[in-house]
Amino acid sequence: MLYLLPLAFLGVFYLYPLLSIFDISLRPAGTLDLSAFARLFLSDTYLRTLLFTFYQALLSTAVTLLLALPCAYIFVRYRFPGKSLLLSLATLPFVLPTVVVALAFSALLGARGLVNDLLRALFTLDYSPLQLERTLAIIIIAHVFYNFAIALRIITAYWAALGTEAEEAASCLGADWRALWRDIRLPLIRPALLSAGSLVFIFNFTSFGVVLLLGGIRFATLEVQIYYQAVNIFNLPLAAALSIAQILSMLSLMVIYTSGQKKLQLSLRRGGASARLPRRRREKLMVFSCVSLMALFLFTPLLALVARSLFAGGAISFDGYRALAERSRGSLLFIPPVAAIGNSLRFALLSMLAALPLGLISAYMIHRQQRLARLFDPLFMLPLATSAVTLGFGFIVALDEAPLNLRASVYIIPIAHTLVALPFVIRSILPSLRAIPRALGESAQVLGATPWHVFTSLDLPLLAPSLVVGATFAFTVSMGEFGASLFVAQRESVTIPVVIYRLFGHPGFAPYQQALAMCVVLMLVCAAGFLLIERLRGVGGGEF
Amino acid sequence: MITRILCAALLVLTLQLGAFAQEQDTVVIITHDSFAMSEAILAGFEAESGLTVQILRAGDAGQMLSQAILSKNNPLGDLLYGVDNTFLSRALAAEIFTPYESPLLPLLRPELLPEADFMVTPVDFGDVCLNYDIAWFEDAGLSPPDSFAALADEAYRGLLALQNPATSSPGLAFLLATIAEFGDEGEYTWLDYWAELRENDALVAEGWTDAYYGHFTVGSRGLGDRPLVVSYASSPPAEVLFSEDPEAGAVTAAITADGMCFRQVEYVGVLAGAANEAGARQFLDFMLGQAFQEELPTNMFVFPAREDSALHPIFAEYAQVPALPASLEPARIEQNREVWIQAWAEVMLS
């Protein structure tokens, strides 16, 4: 019965709008016209785009997982000061608008960026040795920068709750480190690896801003093509055909992925394997290099932003920040930018509160109903694989009559955010849920515990770390305003990213400073949010 | 039990959200993300007319128009503001407007009035022109290019940043200006010109923000290396207005030579099937009123359509309005947009 809730949500706010817009696009005169699909195959442009989209997403995902895996190991095995703070802050890049990340990257890695300045000074060169602008490499780097935290956090939350018996036994039997990774660790964390990998892949697959801004026009993903056809050319049939191609390729991938998942008999334990302080020199070195590499890679671009927001004409200035409290020129949109913080927080909280229970129920449904899972598991991932323009148009044509006249209501914002946040919550919870020994719940029920009791005192504490990760991403997705273009009333809908885009939309020194200051505020608000969410873990009590 | 409570709660919530009844004394304006006006002036209109104004925004001008067309059988609002001459033809073909002849029309610049049977009314215009870094050109002992032909000269190699016309509105406007200049027939067409620009290492950025703040020497505070950028004629005064020291004067200037700028005119129109057509007309007249018109430059960085509007002093001093901007028929733009952009991409990417 409870399962109907997420299904209804998905049906009303995703499938119905999506099918409505496809219907209008492909049946403009009342009869089905599929000639747009033929166009996909007539020129090799679209096939090339599809292949490139796959290629860059695959490459980005592989690099992300490869880097996140050793870091996850260190986070699981060792205890060190600032660990949980670092884990939280690693999520920060995820919230930043792509325009801002592009700016931070060129401040660091551009031809006139910091790294090139350093290299030039060090080796007394008269040219910039690092030429990354407009290459595939910088697209991959930016994707890893964005998605590193997804992989790290999902893997860590799951892995930390697994026991170490198998590993200890294998070590006793003389397995070397290669055998340990190949035969014990990788098979054990496979579910989390796949879960994180699929999320990261979809995210890169639908990448828009990063590819355009950093890669230049030479590189275009399907998402870019869909936007161009739907908005600039207004060729709805072709846009619909491209959207369907995008969704189908993701769907086929997801089906392969879900049916390839093996049943694993694992035992998730409260508290799980306890992390310890690094003892030997080698261990200390490992922890140190992981932490410093992470800090270098994830935080220097963020610090570059902070620095640029503070420098004005060679001196330190807080003007950008001061101006945030003012309503510039009494303009309607320029509500004092601080008011946007309240709006952003409200939407993020609503999205989180909706996505958590819905995601939890969905995860249970996917876990318990083995047969339905094959269908529903990929289904819940789809909103993430659907182009924002398509979904936004769907809202306009579908949600236009009472009782669902939501297309111009502010509530459409948290609804859209919840759709995108749901896959994150589900993918965070699912690996842990699958690892809860079934016997535990069964014996509790034999002893007279109600299902509710089993859920609150058995499952919930075991799921707590994964829930925290899911909540963090739901919060972040909404704060970063991943969403369709929506018709919403001006005042209530001005969020932090909207203010940043607006400020970056016209020339002048003051808007530039304020936009950067607003980015820093966005990061601070998110960091504060992460720390609060982290405290909710108290429910679980476990340390990891 | 819990299920039932949750379902009931969901139902109540849905119904409440759905009860978004349109009141007769509300007028709903649909516009793009760049819309801005001052709160005081809006409050003045609301007090005088007794109407409550609701402003809906949806992405850029293209997204807004697409959504307005999709919802034309059940319009989201009463008035649509922000369709420009590059999109006008599409809006008219979709028949989303109902005609209204404002009594204030005679006060507007006659050259802005479209041949459209009063379906839309011009509110403002802005010219997409090259901007240059004054200090950079002084240091280099170079004078900025004064024609498109000069721009393709070796002297300006690697200096220009522009936007992708497929995704950016000024990018498209600049492309249209070159098409108006070189035409698409004869021995030398606009495509040949772009091949020269490409040879001359013109940098194509994704959008205005990327070009101006990422690559333009002034906007990027030293990160970029392009002293020439495609922007607006209103950008130099905006730079002065928002600089640390407005007294110091202009750091950038627009090149407004004949035919080198493309004029974008923004229109407003009453939506067919509007719930509050009378209110929409009232707001349209208000947009042509002196109070709204005179604050257009500082709010949206465009120039008033009214001939008798006084400009903000900084705009009066630093804004250059091109005497002879390039122009193309809106119908021709709509007809050829895809072909032109495709051909452009082939030249620039091959």
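Can you tell me how many residues within the stretch B:64-76 are within 12 Å of A:Leu486 (Cα to Cα) and more than 7 Å from every other protein chain (Cβ to nearest Cβ)?
Count: 2.
Somewhere in the stretch B:50-58, is a residue of a type outside the set (Gly, Ala, Ser), more than 7 Å from every other protein chain (Cβ to nearest Cβ) and either over 16 Å from B:Ala275 (Cβ atoms) or under 16 Å from the mean Cα position of the chain (by Cα) (or both)?
no
Only one of (1) aromatic (Phe, Trp, Tyr); (2) within 30 Å of A:Ile366 (Cα to Cα); (3) surrounded by fewer than 24 Cβ atoms within 10 Å (Cβ to Cβ); (4) touching a residue at least 40 places away in the same chain (Cβ under 8 Å) is not met by A:Tyr158, so which one is it?
Tallying (1) aromatic (Phe, Trp, Tyr); (2) within 30 Å of A:Ile366 (Cα to Cα); (3) surrounded by fewer than 24 Cβ atoms within 10 Å (Cβ to Cβ); (4) touching a residue at least 40 places away in the same chain (Cβ under 8 Å), A:Tyr158 fails exactly one: (3).
Please report, ordered by residue number, the helices (runs of 4 or more DSSP H) entirely within the stretch A:393-504 with at least 2 residues that are under 30 Å from B:Ala211 (Cα atoms).
Those helices (runs of 4 or more DSSP H) span A:412-434, A:460-479, A:490-493, A:496-503.
From (1) crowded, with 19+ Cβ neighbours inside 10 Å; (2) out of contact with any helix residue (DSSP H, G or I) (no Cβ under 9 Å at 6 or more places or on another chain), pick out the condition that doesn't hold for B:Cys261.
(2) is the only condition that B:Cys261 fails.
Quick check: anything in the stretch B:217-225 over 15 Å from B:Arg157 (Cα atoms), acidic (Asp, Glu) and not in a helix (DSSP H, G or I)?
no
Report yes if some residue within the stretch B:92-105 is surrounded by fewer than 21 Cβ atoms within 10 Å (Cβ to Cβ), closer than 19 Å to B:Trp190 by Cβ and away from chain A (no Cβ under 14 Å); otherwise report no.
Checked against the condition, which is being surrounded by fewer than 21 Cβ atoms within 10 Å (Cβ to Cβ), closer than 19 Å to B:Trp190 by Cβ and away from chain A (no Cβ under 14 Å), the stretch B:92-105 yields no hits at all.
Results for (1) touching a helix residue (DSSP H, G or I) at 6+ places or on another chain (Cβ under 7 Å); (2) more than 8 Å from chain A (Cβ to nearest Cβ); (3) at negative phi; (4) among the aliphatic types (A, V, I, L, M), shown as yes or no for each residue.
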{"position": "B:Asp192", "(1), (2), (3), (4)": "no, yes, yes, no"}
{"position": "B:Ala195", "(1), (2), (3), (4)": "yes, yes, yes, yes"}
{"position": "B:Ala202", "(1), (2), (3), (4)": "no, yes, yes, yes"}
{"position": "B:Ala211", "(1), (2), (3), (4)": "no, yes, yes, yes"}
{"position": "B:Gly214", "(1), (2), (3), (4)": "yes, no, yes, no"}
{"position": "B:Thr217", "(1), (2), (3), (4)": "yes, yes, yes, no"}
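Of all residues in the stretch A:17-45, count the ones that are crowded, with 16+ Cβ neighbours inside 10 Å and more than 13 Å from chain B (Cβ to nearest Cβ).
Matching residues across the stretch A:17-45 total 5.
For the stretch B:37-76: of the residues being closer than 30 Å to A:Ser25 by Cβ and β-branched (Val, Ile, Thr), which is modelled with the highest pLDDT?
If we take residues in the stretch B:37-76 being closer than 30 Å to A:Ser25 by Cβ and β-branched (Val, Ile, Thr), then B:Ile69 is modelled with the highest pLDDT.
Taking the stretch A:517-543, which residues are more than 22 Å from the chain's Cα centre (by Cα) and either modelled with pLDDT of 85 or more or part of a loop (DSSP other than H, G, I, E, B) (or both)?
A:Ala517, A:Gly540, A:Gly541, A:Gly542, A:Glu543
Could you check B:Ser220 against (1) under 25 Å from A:Val99 (Cβ atoms); (2) touching a residue at least 12 places away in the same chain (Cβ under 8 Å); (3) small (Gly, Ala, Ser) and say which number it fails?
(2)
Scan the stretch B:43-58 residue by residue and report those that are buried (at least 19 other Cβ atoms within 10 Å of the Cβ) and either without any contact (Cβ under 8 Å) to a residue 24 or more places away in the chain or assigned to a strand (DSSP E or B) (or both).
The answer is B:Val53, B:Ile55, B:Leu56, B:Arg57.
Consider B:Glu266 against the criteria (1) out of contact with any strand residue (DSSP E or B) (no Cβ under 7 Å at 6 or more places or on another chain); (2) buried (at least 21 other Cβ atoms within 10 Å of the Cβ); (3) modelled with pLDDT of 95 or more; (4) charged (D, E, K, R): it satisfies all of them except one. Which criterion is unmet?
It fails just one condition, (1).
Could you tell me how many of the residues in the stretch B:77-91 are more than 9 Å from chain A (Cβ to nearest Cβ) and within 22 Å of A:Leu406 (Cβ to Cβ)?
Number satisfying all stated conditions: 3.
Away from every other protein chain (no Cβ under 14 Å) and touching a residue at least 40 places away in the same chain (Cβ under 8 Å): is that true of A:Met352 in this structure?
Criteria met by A:Met352.
Name the residue, out of B:Ala116, B:Ala155, B:Ala61, B:Ala140, that is surrounded by fewer than 23 Cβ atoms within 10 Å (Cβ to Cβ), under 24 Å from B:Pro325 (Cα atoms) and more than 14 Å from chain A (Cβ to nearest Cβ).
The match here is B:Ala116.
Which of the residues spanning the stretch A:187-223 are within 14 Å of chain B (Cβ to nearest Cβ), among the hydrophobic types (A, V, I, L, M, F, W, C), out of contact with any strand residue (DSSP E or B) (no Cβ under 7 Å at 6 or more places or on another chain) and surrounded by fewer than 24 Cβ atoms within 10 Å (Cβ to Cβ)?
Those that are within 14 Å of chain B (Cβ to nearest Cβ), among the hydrophobic types (A, V, I, L, M, F, W, C), out of contact with any strand residue (DSSP E or B) (no Cβ under 7 Å at 6 or more places or on another chain) and surrounded by fewer than 24 Cβ atoms within 10 Å (Cβ to Cβ): A:Phe208, A:Phe219.
Look at the stretch A:413-429 and say how many of its residues are under 21 Å from A:Leu236 (Cβ atoms) and either at the interface with another protein chain (Cβ under 9 Å from one of its Cβ atoms) or of a type outside the set (A, V, I, L, M) (or both).
0
Yes/no matrix, rows are residues, columns are (1) at pLDDT 90 or above; (2) assigned to a helix (DSSP H, G or I); (3) surrounded by fewer than 22 Cβ atoms within 10 Å (Cβ to Cβ):
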| position | (1), (2), (3) |
| --- | --- |
| A:Val338 | no, yes, yes |
| A:Leu358 | yes, yes, no |
| A:Ile361 | yes, yes, yes |
| A:Tyr364 | yes, yes, yes |
| A:Arg374 | no, yes, yes |
| A:Leu384 | no, yes, no |
| A:Val389 | no, yes, no |
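Identify the single condition in (1) farther than 22 Å from A:Val210 by Cα; (2) of a type in the set (D, E, K, R); (3) over 19 Å from the mean Cα position of the chain (by Cα) that B:Glu239 does not satisfy, given that it satisfies every other one.
(3)
The values are calculated or read from the model by the stated rules, or taken from the named source; none is laboratory data. Since this is a predicted model, take the numbers as computed values, not measurements. All Cβ positions, glycine included, derive from the backbone under ideal geometry; neighbour counts span all protein chains shown.
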